[in-house]
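The values are calculated or read from the model by the stated rules, or taken from the named source; none is laboratory data. Because the structure is predicted, anything quoted here is derived from the model rather than measured. So basically every Cβ, Gly included, is an ideal-geometry build from the backbone, and we count neighbours across all protein chains shown.
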Amino acid sequence: MHYRAAELIAAKRDGAALSKPAIDFLIRGYVDGSVPDYQMAAFAMATFFKGMTADETAWLLDAMQRSGDVLHWDDLDFPTADKHSTGGVGDKISLPLAPAVAACGVGVPMISGRGLGHTGGTLDKLESIPGPGRDGKGGGFDVRLSLEDFKAMVAELRVSLIGQTPNLCPADRKMYALRDVTATVESIPLIVASIMSKKLAEGAGSLVLDVKVGSGAFMRTVDQAQLLARAMVDAGQRCGRNVTAFLTAMDRPLGTHIGNALEVVETIELLRGGGPADSRAVTCRLGGEMLRLAGTVPDINAGEAAIAKSLDDGSALEKFRKIVQAHGGDPRVVDTPELILPQAPIVRPVLATGDGVVGAMDALQIGLISVRLGAGRNRKEDDIDPSVGLVFAAKPGDTVVKGQPLCWVHAGEEARAQRAIAELQAELSLLPAGQMPDQLPLFIDAIYKP
Ligand code: URA
C-alpha cells in the first residue's frame, strides 16, 4: 500500500484513526528523510489537537522503537527489568535501585538521560564519580559504552547504566527535537511513544514507571499524571511488555540531597541501609515491583522485603562498588565518599528563624535554586558543577528549634551561596507546633496490568 504523507496529515487533522501501516510509513519516512520536518511537524500538531486511539499510540510506539537498534536479552539465564522516572528534584532512585535489583538476581540494562531544567539526570550524577576511567586516562565513571560493551557488562554484573546511543530510537531523537520547537511536546500519545520507545528498544522484559506528580514534575496534577501513566502502561502492554506505573509525590524534593555528587552521597547512605525514609521507600517499592514483574518473587511485599534486605545486608552496596569499578570510577567511593567525590569549597547553613514545624516545600523552586548554584543546566550544552547543591537537614513536618540548620548550601563561590541562602529563607516556612504541612502522599496511585 502506498501512502501520501499529506493525506495522512489531513486524515489526522479531521480526527480519523490511522492504520498501523500508515503510522509505520510516516515514521520510516521521517527517519529516512522522505517525510520532511514540515510534514512531521504538521502531523504532530494534528495529533496534539485530535489525539490518538490506544491502538494508534501503541503502533506509533512500536514504529518508533523499531526505528534503530533494538536490544534483546533472551540469551541471558536471568530475567531483566528496568525503571523509568519522568524526573524530578532529588530523584536519584535509579542509583540505589539498579544495584539493589541486580543484587536480587534480576538484570538491569539501564539507558538513562541527563538533567535538563530543574530536574537532575542519572548520567550527570554517575559522572560526578571520579576515577581512572575505563581507558585508564582519568575520565572517571564512563557512561558512553558501546552496545557490545553494555551487553557484556550486563551479562557479567547483571547491571550497567549508560547514555543514549546514536542509533537507539533515532525517530524519537528527531521527533523530540522537532516537537520542542513546534509547541507539540504536551501531547499524551506523543509523550507515551517518545518515553516508551526508548525504554522498549532497550529490551528489558519488564518496566516499572515512576510518574512524578507536583510542582517539580512534568505532570503537575494527579489527573494529568494518571492519564499519562494509564496510557504508558496500556501501550507498553500492547507491545508485549510487563509494565506497572506508580504515581509518586514531587511537590517537594525527594530525599535530602540535591545536586550530582551530593546525590551519590545519599545513594551510598541508602546502600548502607540508611538514608532518608522517602528515598528508601521509593527504592523498595519500585525495586520490589521490578522483581515481581520479572517473576522472581510471588508478590510486591516479598519484592520490597528482598530489596530492603539487599540494602541492609551490604549486597546492593557491593554491587554498586562493582558497577563503579567496571564503568571506570574509583570504587573506594563506596567506603569514603567524602574523600573521593568532588567537594564544594563553600558550605553554609540556612538556619531556622524560630521554633516550629517545617512547612511544605516547593520542589520546582528548590530545584531552580540548585540549578542557579550550578548543579543543573538551562540549555543542553551548559556545563554543570558536580560538587554543588543542597542538603536538607530537616524535611516538611519535622519539628525544629530556632537556630537549627534546615539546609546546607554547597556552593562554588560565596556570592552564589549567599544568594541561595536568601532564596531558601524566602522559600522555607515554619508552621506553629502541632500543625502539619499540606502535601501529597508519597505514593499516590499504582497502575497495574488490568
Ligand atoms: N520525555 C521524553 O523523553 N519525551 C517526551 O515526549 C517528554 C518527556
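Conditions (1) of a type in the set (A, V, I, L, M); (2) within 14 Å of the ligand (Cβ to nearest atom); (3) without any contact (Cβ under 8 Å) to a residue 60 or more places away in the chain, marked per residue:
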site: R144; (1), (2), (3): no, no, yes
site: S160; (1), (2), (3): no, no, no
site: V181; (1), (2), (3): yes, yes, yes
site: K199; (1), (2), (3): no, yes, no
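Of all the numbered requirements in (1) of a type in the set (K, R); (2) more than 30 Å from Q39 (Cβ to Cβ); (3) not assigned by TED's automatic domain parsing to the domain that holds R230, K212 misses one, and that requirement is (3).
Rundown of residues vs (1) under 30 Å from R332 (Cβ atoms); (2) of a type outside the set (S, T, Y); (3) at pLDDT 95 or above, yes/no style:
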residue: E127; (1), (2), (3): yes, yes, yes
residue: G138; (1), (2), (3): yes, yes, yes
residue: T165; (1), (2), (3): yes, no, no
residue: P189; (1), (2), (3): no, yes, yes
residue: K198; (1), (2), (3): no, yes, no
residue: R220; (1), (2), (3): no, yes, no
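Scan segment 208-229 for residues that are outside any loop (DSSP other than H, G, I, E, B) and crowded, with 24+ Cβ neighbours inside 10 Å and jot them down. Within segment 208-229, V208, L209, D210, V211, K212, V213, A225, A229 qualify.
Applying a threshold of 7 Å to beta carbon distances and a minimum spacing of six or more residues, or different chains, the list of pairs starting in segment 230-248 at a residue that is assigned by TED's automatic domain parsing to the domain that holds A294 and surrounded by fewer than 24 Cβ atoms within 10 Å (Cβ to Cβ) and ending at one that is in a strand (DSSP E or B) and hydroxyl-bearing (S, T, Y) reads R241/S206; N242/S206.
Given the condition surrounded by 14 or more Cβ atoms within 10 Å (Cβ to Cβ) and under 19 Å from L178 (Cβ atoms), answer yes or no: does some residue in segment 69-78 qualify? Within segment 69-78, not a single residue is surrounded by 14 or more Cβ atoms within 10 Å (Cβ to Cβ) and under 19 Å from L178 (Cβ atoms). In segment 80-94, the residues that are more than 18 Å from L207 (Cα to Cα) reach residues that are within 14 Å of the ligand (Cβ to nearest atom) and assigned to a strand (DSSP E or B) with C-beta atoms within less than 6 angstrom, at least six apart or across chains, in these pairs: G88/T119; G88/K212.
Among the residues in segment 96-110, are any within 14 Å of the ligand (Cβ to nearest atom) and of a type outside the set (F, W, Y)? So far as segment 96-110 goes, no, none of its residues is within 14 Å of the ligand (Cβ to nearest atom) and of a type outside the set (F, W, Y). Of A393, A411, A420, all but one fail to be in contact with a helix residue (DSSP H, G or I) (Cβ under 8 Å, 6 or more places away or on another chain), closer than 30 Å to G329 by Cα and not assigned by TED's automatic domain parsing to the domain that holds E263; the exception is A411.
If you go through segment 208-219 and keep only what is away from the ligand (no atom under 14 Å from the Cβ) and either farther than 20 Å from L291 by Cα or without any contact (Cβ under 8 Å) to a residue 40 or more places away in the chain (or both), you end up with V213, G214, S215, G216. Looking across K50, K125, one residue alone is away from the ligand (no atom under 16 Å from the Cβ), free of Cβ contacts under 8 Å to residues at least 40 places away in the same chain and either crowded, with 16+ Cβ neighbours inside 10 Å or under 19 Å from the mean Cα position of the chain (by Cα) (or both). It is K50.
Scanning segment 145-157 for residues that are closer than 17 Å to A98 by Cβ and within 22 Å of the chain's Cα centre (by Cα) gives L145, F150, K151, M153, V154, L157.
When D69, D14 are checked against the criterion of being more than 16 Å from the ligand (Cβ to nearest atom), touching a Cys at 6+ places or on another chain (Cβ under 9 Å) and outside the structural domain of M232 (by TED's automatic domain parsing), a single residue qualifies: D69. Could you list, in sequence order, all residues of segment 156-188 that are crowded, with 21+ Cβ neighbours inside 10 Å, in a helix (DSSP H, G or I) and in contact with a Leu (Cβ under 9 Å, 6 or more places away or on another chain)? Matches in segment 156-188: M175, R179. Within segment 376-414, no residue satisfies the criterion of being aliphatic (A, V, I, L, M), over 29 Å from P441 (Cβ atoms) and exposed (fewer than 15 other Cβ atoms within 10 Å of the Cβ).
Could you check, for segment 189-207, whether at least one of its residues is part of a loop (DSSP other than H, G, I, E, B) and either of a type in the set (V, I, T) or over 29 Å from L291 (Cα atoms) (or both)? The answer is no, given that none of the residues of segment 189-207 is part of a loop (DSSP other than H, G, I, E, B) and either of a type in the set (V, I, T) or over 29 Å from L291 (Cα atoms) (or both). Apart from one condition, I111 fits all of (1) buried (at least 23 other Cβ atoms within 10 Å of the Cβ); (2) of a type outside the set (S, T, Y); (3) modelled with pLDDT of 95 or more; the exception is (3).
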